[in-house]
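Can you read through this structure? Questions will come right after.
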């Protein structure tokens, strides 16, 4: 059994625990000294990064709970890659939201990354489950942040879905242990050796799929993320789906079903994003699209495609956060994220627009920017497998990314029609966070070798050159035709107009008719219960009346009996006893 000292040592060396301690201590600072919270959070983030740098690749914190080995901290190449980018994102988010003075928001801003970091570093399924649930609980405070009724309702829906993911993971954990006798977090797979679907793999895949926002399980992203404030949305955009990507890459590499799921993920958000008026929701659909590329890479399961999936996750965290930051700065200054109410902000927010353009070029995989460095590995995986339809779908989805995130976001926020708004430039701390993200996006695009060195299989990239002429020409052709298509649609006024409306997604099925069915079911249950209670109570009262009639004070058994009757009854009992004794 694990001793208290062993447990304390295992916790003390875990960078995720260091972050969580920082979040807790920050939450204890009184509101009168709230300005000290963010500096303290940065100190603990730096401490967690320093601790990670001192730990080499290996397994730490090996404990035993109820006789089963648990590995609280595993640092392999993939875990280290996600840990590095999570710490970078946590630091940038702290700087970006420097002006916030909200105890719960500040706590969640660091506790949520801590839980995600703990999840990617977990070496067993029990540890993963604990961090999985902490991430769900911590992140919901970001949704609740604004405090309006709509945000509270969205937060409750979000929490319900995230807890469902945890329940499925727990069920899968139990089934994995029953099948293998181990709780180690490694490759689980969806099918057994005979090709049949394993129930354990199905439960775990569904748990990961909810957090990865698989099709039909994705609505919580668009429902909850835009409800958070300008800083909370950026924090939310990073960790949940990328924790799911890391988990999928570890448990389900080479699962063919993920290829089809990923393709659908890359395609359907494009059409919703093109007609969406809320630019925060547009970027939320972009999350679905971008994670889809990663899921495809995991589905192919080759060394190069896994490198592409996790490497693209690394760079995506940087440049997609940058886009969220730029839109968040516009929201902070104008109070709206509606495309119909923005436009013309380039006049007074030129630096924010410049950083937004860097994010747009990066997510569009323009040569020289972060997305270009790894996206070719994902598209190349389909080409190497000779999956023509998958390859074409990925090219189409790449063009769609440029349309809705690379062009629509900067165009309708800073250009397009003049909204008449003349807000100030973003505050210095926001500009600092955006500038650092933009610098990283350019650095990764120009010199991707350090990122390649972090990937799980760097040897597979020894001969890979993202700037091979054919790759550059292919990508520039794709981007050129996508830009021309956008320009032509704008000129002929065929591009979907930005209108102040609410677009329906598949969550309508459970939020409107689903809610009606639930209300009807509740009413039907009450009616059935009422009927059953009336029948039961009627029969029960009738039975009690009969009992009372016999045993009550005026009942037959309450009357006085003559002594002779008692003697006769006793004689009968003795007679029966003698007969039974004789027979026996």
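The values are calculated or read from the model by the stated rules, or taken from the named source; none is laboratory data. What you are looking at is a predicted structure, and each value in this text was computed from that prediction instead of being measured. Positions of Cβ are generated from backbone atoms using ideal geometry, with glycine treated the same way; all protein chains shown enter the neighbour counts.
Sort out for me the helices (runs of 4 or more DSSP H) sitting completely within the range 220-339 that have 1 or more residues that are farther than 30 Å from residue 450 by Cα and touching a helix residue (DSSP H, G or I) at 6+ places or on another chain (Cβ under 6 Å). Full working, then the answer.
Numbers: elements: 232-251, 257-275, 279-300, 303-334.
Output list reads 257-275, 279-300, 303-334.
Of the residues 233, 266, which is under 30 Å from residue 327 (Cα atoms), under 17 Å from the mean Cα position of the chain (by Cα), touching a residue at least 40 places away in the same chain (Cβ under 8 Å) and in the same structural domain as residue 313 (by TED's automatic domain parsing)?
Numbers: 233 fails: in the same structural domain as residue 313 (by TED's automatic domain parsing).
Going through 233, 266 in turn, just one is under 30 Å from residue 327 (Cα atoms), under 17 Å from the mean Cα position of the chain (by Cα), touching a residue at least 40 places away in the same chain (Cβ under 8 Å) and in the same structural domain as residue 313 (by TED's automatic domain parsing): 266.
Sort out which residues of the range 168-183 are exposed (fewer than 14 other Cβ atoms within 10 Å of the Cβ) and part of a loop (DSSP other than H, G, I, E, B), and write them in order of number.
181, 182
Here is a check on your reading of the model: is residue 101 in a loop (DSSP other than H, G, I, E, B), surrounded by fewer than 24 Cβ atoms within 10 Å (Cβ to Cβ) and out of contact with any strand residue (DSSP E or B) (no Cβ under 9 Å at 6 or more places or on another chain)? Give the steps one after another, and end with the answer.
On the way: in a loop (DSSP other than H, G, I, E, B): yes; surrounded by fewer than 24 Cβ atoms within 10 Å (Cβ to Cβ): yes; out of contact with any strand residue (DSSP E or B) (no Cβ under 9 Å at 6 or more places or on another chain): yes.
Taking the combined requirement at face value, the residue satisfies it.
Could you tell me whether residue 398 is in contact with a helix residue (DSSP H, G or I) (Cβ under 9 Å, 6 or more places away or on another chain) and closer than 25 Å to residue 450 by Cα?
So residue 398 fits the description; yes.
Considering (1) farther than 24 Å from residue 299 by Cα; (2) not in a loop (DSSP other than H, G, I, E, B), say which one residue 146 fails and leave the rest.
Residue 146 satisfies every listed condition except (2).
Quick check: is even one residue across the range 316-339 surrounded by fewer than 21 Cβ atoms within 10 Å (Cβ to Cβ), on the phi > 0 side of the Ramachandran plot and free of Cβ contacts under 8 Å to residues at least 40 places away in the same chain?
yes
When residues of the range 376-403 are filtered for being over 10 Å from residue 364 (Cα atoms) and assigned to a helix (DSSP H, G or I), how many remain? Step through it out loud before you land on a result.
Here is the first cut: in the range 376-403, the ones over 10 Å from residue 364 (Cα atoms) are 376-397.
Next cut, assigned to a helix (DSSP H, G or I) only: 376-384, 388-397.
Number satisfying all stated conditions: 19.
Please pick out the residue among 238, 245 that is crowded, with 24+ Cβ neighbours inside 10 Å and within 21 Å of residue 201 (Cα to Cα).
Values: 238 fails: within 21 Å of residue 201 (Cα to Cα).
Checking each option against the conditions leaves just 245.
Within the range 184-225, take every residue that is on the phi > 0 side of the Ramachandran plot and within 20 Å of the chain's Cα centre (by Cα) and give me the one that is surrounded by the most Cβ atoms within 10 Å (Cβ to Cβ).
The first filter runs over the range 184-225 and keeps only residues on the phi > 0 side of the Ramachandran plot, leaving 189, 195, 213, 216.
From the residues that got through so far, the ones that are within 20 Å of the chain's Cα centre (by Cα) too are 213, 216.
Values: 213: 25, 216: 13.
Across the range 184-225, the extreme among qualifying residues is 213.
May I pose another question? Please verify whether residue 52 is modelled with pLDDT of 85 or more and not in a helix (DSSP H, G or I), treating the condition exactly as stated. Step through it out loud before you land on a result.
Numbers: modelled with pLDDT of 85 or more: yes; not in a helix (DSSP H, G or I): no.
So residue 52 fails the test.
Does residue 397 satisfy the condition of being surrounded by 14 or more Cβ atoms within 10 Å (Cβ to Cβ), within 27 Å of the chain's Cα centre (by Cα), within 18 Å of residue 293 (Cβ to Cβ) and modelled with pLDDT of 90 or more? Write out each step before concluding.
Values: surrounded by 14 or more Cβ atoms within 10 Å (Cβ to Cβ): yes; within 27 Å of the chain's Cα centre (by Cα): yes; within 18 Å of residue 293 (Cβ to Cβ): yes; modelled with pLDDT of 90 or more: yes.
Yes; evaluated as a whole, the condition is true for this residue.
Among the listed residues 461, 476, 454, which satisfies the condition of being in contact (Cβ under 8 Å) with a residue 60 or more places away in the chain, out of contact with any helix residue (DSSP H, G or I) (no Cβ under 8 Å at 6 or more places or on another chain) and surrounded by 11 or more Cβ atoms within 10 Å (Cβ to Cβ)? So that I can check it myself, show each step before the final result.
On the way: 461 fails: out of contact with any helix residue (DSSP H, G or I) (no Cβ under 8 Å at 6 or more places or on another chain); 454 fails: out of contact with any helix residue (DSSP H, G or I) (no Cβ under 8 Å at 6 or more places or on another chain).
Exactly one residue qualifies, and that residue is 476.
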